[in-house]
């Protein structure tokens, strides 16, 4: 996927949101916005928006002298998400089909995103997903592939959200799965600090992908991650960022679990903004973001 002009508007709105919420000190505002606009004047629009966003936030963090502008919001969301996960935990574990219910909560958790114009209504989203069909539903294939897979890689997405991934991992019931997050802070994406906050490291193997893009760009990830990725015979990919980065990868058994939050992505794959999907990459090889 290439960077669209709409991506620039979205990213600028995200920066302004940081200003308005007081997450970047006012004394840095003018310098940050000037540097950001200079950066956009010189980007290569053929590059992925994940790469553009990564480099943009490197500029912001450096100038604002703040390694994690979203830290306060992320910490609050982690605590909030725990409450919702505990509220629905018994419903999942006591149901006739814990796998289905836990999967639905994991997908519902993808609502947690601090992107501009995106409201976070966790309970409303959970109730909706528990009672409605997915726009694309390959969950039965996922269930069967998990039983057969020898090497499972689970790519996490956002803070808060990963507590629902933890519940899903508990229901899957395998401690040989490798759970992956970003190497360092970017937007509200989960890092190893969040993994340890929820205790996912006590449940399965954990690692970072060696990069700070808000998604998985294989060419920028670490050799250690690439090795695990290549060996995996099943990859569970959470979130739109990971989908954008991996949707055109061929020959890998990837399942994409996400809420579509971008009209460009939605239009490129023939779905609607706000749709929830559990999609096998192998089942429909043409299901990929088209630039």
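Where a number appears in this text, it was derived from the coordinates with a stated rule and is not lab data. Not measured: the values here are computed from a predicted model. As a convention, Cβ positions derive from the backbone with ideal geometry for all residues, glycine included, and neighbour counts pool all protein chains shown.
As an exercise, find the ratio Rg/Rh for the chain from alpha-carbon atoms, using the Kirkwood inverse-distance average for Rh.
Checking Rg against Rh, the ratio lands at 0.95.
For labels at residue 58 and residue 201 in the simple 7 Å Cα→Cβ model, what's the distance in nm?
2.6 nm
Can you give me the relative contact order of the chain as a percent, contacts being Cα pairs under 8 Å and 6 or more apart?
19 percent
What full-extension length gain, to one decimal in nm, is calculated for residue 13 and residue 93 as 0.36 nm per residue of separation minus the Cα-Cα distance?
My answer for the length gained is 24.8 nm.
With N set to the number of residues, divide the alpha-carbon radius of gyration of segment 1-157 by 2.2 N^0.38 Å and report two decimals.
1.30
What is the Cα coordinate range of segment 5-63 on the first, second and third principal axes, sorted by size from largest, in whole angstrom?
Dimensions of segment 5-63 along the principal axes of its Cα atoms: 33, 17, 15 Å.
Tell me the angle of helix 29-41 to the major Cα principal axis of the chain, expressed in degrees between 0 and 90 and rounded to the nearest ten.
80 degrees
Taking only Cα atoms, what is the 0 to 90° angle, nearest 10, from helix 98-108's long axis to the longest principal axis of the chain?
10 degrees
Using Cα atoms only, what is the angle between the long axis of helix 122-131 and the major principal axis of the chain, expressed in degrees (0 to 90) to the nearest 10?
Between helix and principal axis, roughly 40 degrees.
According to the Kirkwood expression over distinct Cα-Cα pairs, how big is the hydrodynamic radius of segment 203-261, in Å?
12.0 Å
How much FRET efficiency would the formula 1/(1 + (r/R0)^6) give for residue 250 and residue 175, where r is the Cβ-Cβ distance and R0 is 25 Å, rounded to 0.05?
0.25
Between 64, 41, 106, find the one with the highest GNM mean-square fluctuation for the chain; connect C-alpha pairs within less than 10 Å.
41
Segment 183-223 to segment 243-278: how many Å between their Cα centroids?
Using only Cα atoms, the two centres lie 20 Å from each other.
Mind checking the full-extension length gain between residue 124 and residue 272? Use 0.36 nm per residue of separation minus the Cα-Cα distance, one decimal, nm.
Gain on extension, residue 124 to residue 272, equals 51.4 nm.
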